[in-house]
Structure formats: C-alpha cells, structure tokens
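Structure first, commentary second.
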Amino acid sequence: MAEQNAEQSTQDRRPTVIADELHIVYRVNGAKTGRGSATAALSRILKRGSDDSARGVRKVHAVRGVSFVAYRGEAIGLIGSNGSGKSTLLRAIAGLLPAERGKVYTDGQPSLLGVNAALMNDLTGERNVILGGLAMGMSREQIKERYQDIVDFSGINEKGDFITLPMRTYSSGMAARLRFSIAAAKDHDVLMIDEALATGDRKFQKRSEERIRELRKEAGTVFLVSHNNKSIRDTCNRVLWLERGELRMDGPTDEVLKEYEKFTGK
C-alpha cells in the first residue's frame with residue numbers, strides 16, 4: 001500500500017505546464033483612432049523589429065518574468081486587478097501568443113475556454129454542440145453519446161427548446177453556459193477557463209464547480225480566471241496572484257486570497 005501511495009504521489013506531481021521567466025509583449029498601433037483589423041494587429045504582434053517606435057507601434061508589457069510549475073490534479077486560480085495579465089497568461093499557455101522572452105512548456109493539449117470564445121451565431125445550439133465537440137477532438141459517436149448531458153448541463157432548455165434556435169437568439173449568459181458545457185464534456189490535459197463561472201445563476205455555478213473537481217480527479221489541470229473569490233475558494237487548491245504582469249504570490253488558495261483581500265480592501 002505504501003508503494004502504491006508513493007507511486008500515486010509521484011504521478012500527482014507530474015508537471016503539465018512550466019512557465020520559465022515568461023514575458024509577453026503586445027505591439028499595438030500608436031494611432032489615436034485605435035482603428036485597424038484584427039489581422040493587422042496579429043501581424044504587428046508577430047512582426048518584431050527595431051523600428052517599432054518609428055512605425056508608431058506602442059509596446060505593452062503584459063506579462064513580466066512569470067515563472068511557475070503546474071501539476072496534474074491541480075486547480076489553479078488566477079487573480080489580480082483588471083489588466084494584470086491573467087487572460088494574457090492563459091492565451092500564452094494555450095499557444096495563442098508568442099513569448100517575447102522566456103518559455104512555456106505544456107504536457108498534453110491545452111484548451112482555452114473564454115467567455116468570448118467563438119461559436120457560430122447563425123447556427124443552432126445543436127449544431128454548435130456538434131462542431132464544438134469535433135473541434136475538441138471528440139468523435140461523432142462520442143458527441144452523440146454526450147449530447148443530451150451537454151444540453152442538460154447547460155440548462156438552456158429549461159425555459160424552452162432553445163437548443164434548436166440560432167445562437168444569435170441566446171442571451172450572453174446562455175451562450176457562455178453552453179460553451180462551458182461543451183468544453184466540460186471532455187476530459188482535458190489542461191483546461192483554462194476565463195470567467196466562465198461568472199455567468200448564470202448559483203445553481204449553474206455549483207454544477208460548474210463540481211465538474212471542475214471531476215476534471216481534476218481525471219488527472220487534468222484546470223486554470224480558472226475569476227473575480228469571484230468564492231468560486232476560487234470553492235474550486236481551486238492553489239492560486240497565482242498577478243499584478244501589473246508580475247507574479248506577486250503563488251501558494252495555497254486561502255493564504256493567497258487572504259493577502260489579496262488585504263490588498264484590495266474587500
């Protein structure tokens with residue numbers, strides 16, 4: 001039994017994400033109009049050069065030298081003031097933003113679930129469930145098996161047959177609940193959730209929190225960005241506190257939240 005426990009302990013400490021002195025810098029057009037396509041903005045991020053200032057490009061140092069190691073079975077809360085770099089850090093872990101300096105290493109496939117994650121507004125909820133499942137690597141048979149559970153979990157059919165209607169008819173809360181339900185239908189190596197639990201009523205939040213605990217038991221790692229300290233307390237065993245792009249504190253949930261609440265006065 002002791003050997004089995006020791007083996008389990010070793011497995012539990014298997015790293016899933018390593019951030020090593022990570023720096024993320026956005027390059028944005030310095031023009032005061034703020035106009036420009038998303039494609040142009042991405043091009044500016046990827047096209048680095050010494051002539052940034054000459055081209056009127058302003059640098060925003062969003063993440064500054066952040067280092068940590070995340071392990072299987074952990075649920076990690078990301079907290080901090082608005083603009084502290086939480087969402088940027090998640091996007092870097094997901095491979096959606098290049099590092100200016102430093103590295104991010106991931107074991108397995110990271111999946112980012114954001115409140116603004118795109119679903120197809122002109123398609124029905126039903127079609128979005130299918131396409132969302134396929135995008136996550138599920139087979140059509142797996143989607144078919146889990147389809148009703150996804151709909152029931154989201155609760156969007158509690159007041160009508162909304163799953164057969166186009167997504168554009170949904171409220172923002174309904175759309176966010178469906179996104180979470182689709183993502184939560186699959187076990188993930190690394191699942192990153194950006195404010196998804198801030199939507200919906202307390203009943204849905206409890207279901208979401210319970211699902212996150214289940215994902216942890218499946219040896220996955222969950223990152224949760226939230227301004228709701230109660231959700232962080234109920235869901236996470238560890239917290240990273242970011243301020244102005246820097247990692248201010250990393251530790252057990254209660255310890256970090258205690259210091260954060262002192263800092264914010266809440």
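The values are calculated or read from the model by the stated rules, or taken from the named source; none is laboratory data. Here the structure is a predicted model, which means the values were calculated and not measured. All Cβ positions, even for glycine, are placed from backbone atoms using ideal geometry, and neighbour counts span all protein chains on display. Surface areas here come from the heavy atoms of the whole protein model, side chains and all, with no ligands, DNA or RNA. Shrake-Rupley method; radii C 1.70, N 1.55, O 1.52, S 1.80 Å.
The rows are residues; the columns are (1) of a type outside the set (A, V, I, L, M, F, W, C); (2) in contact with a strand residue (DSSP E or B) (Cβ under 9 Å, 6 or more places away or on another chain).
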residue: 134; (1), (2): no, no
residue: 141; (1), (2): yes, no
residue: 168; (1), (2): yes, no
residue: 179; (1), (2): yes, yes
residue: 203; (1), (2): yes, no
residue: 212; (1), (2): no, yes
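Out of 106, 124, report the one residue that is at pLDDT 90 or above, farther than 20 Å from residue 243 by Cα and within 19 Å of the chain's Cα centre (by Cα).
After applying the criteria, what remains is 106.
So which residues in the range 144-164 are open to solvent by 70 Å² or more (accessible area, probe 1.4 Å) and more than 23 Å from residue 215 (Cβ to Cβ), if there are any at all?
Listed by number, the residues that qualify are 158, 159, 161.
Hey, among the residues in the range 127-143 that are of a type in the set (A, V, I, L, M, F, W, C) and open to solvent by 30 Å² or more (accessible area, probe 1.4 Å), which one's farthest from the chain's Cα centre (by Cα)?
It comes out as 130.
Please indicate, with yes or no, whether at least one residue in the range 87-106 is charged (D, E, K, R) and within 18 Å of residue 249 (Cβ to Cβ).
no
Give the range 132-149 a look and list any residue that's in contact with a Leu (Cβ under 8 Å, 6 or more places away or on another chain) and modelled with pLDDT of 90 or more, or say none.
Within the range 132-149, 140, 143 qualify.
Could you give me the residue pairs with C-beta distances under 7 Å whose first residue belongs to the range 251-263 and is touching a residue at least 12 places away in the same chain (Cβ under 8 Å) and open to solvent by less than 70 Å² (accessible area, probe 1.4 Å), whose second residue is in a helix (DSSP H, G or I) and among the hydrophobic types (A, V, I, L, M, F, W, C) wherever it lies, and which are 6+ apart or on separate chains?
Hits for this filter: 253/232; 257/232.
Within the range 107-141, which residues are touching a helix residue (DSSP H, G or I) at 6+ places or on another chain (Cβ under 7 Å) and more than 26 Å from residue 93 (Cα to Cα)?
The answer is 121, 122, 123, 124, 125, 126.
Which is farther than 22 Å from residue 142 by Cβ, touching a residue at least 12 places away in the same chain (Cβ under 8 Å) and buried (at least 16 other Cβ atoms within 10 Å of the Cβ), of 183, 176?
After ruling out the rest, the residue left standing is 176.
Quick one: which residue in 203, 266 is open to solvent by 10 Å² or more (accessible area, probe 1.4 Å), modelled with pLDDT under 85 and over 26 Å from residue 180 (Cα atoms)?
Just one listed residue meets the conditions, 266.
What single numbered condition from (1) open to solvent by less than 20 Å² (accessible area, probe 1.4 Å); (2) touching a helix residue (DSSP H, G or I) at 6+ places or on another chain (Cβ under 7 Å); (3) at pLDDT 90 or above fails to hold for residue 93?
Only one criterion in (1) open to solvent by less than 20 Å² (accessible area, probe 1.4 Å); (2) touching a helix residue (DSSP H, G or I) at 6+ places or on another chain (Cβ under 7 Å); (3) at pLDDT 90 or above is unmet by residue 93, namely (2).
Please work out which residue is surrounded by the most Cβ atoms within 10 Å (Cβ to Cβ), limiting yourself to the range 232-250 and to residues that are in contact with a strand residue (DSSP E or B) (Cβ under 7 Å, 6 or more places away or on another chain) and part of a helix (DSSP H, G or I).
235
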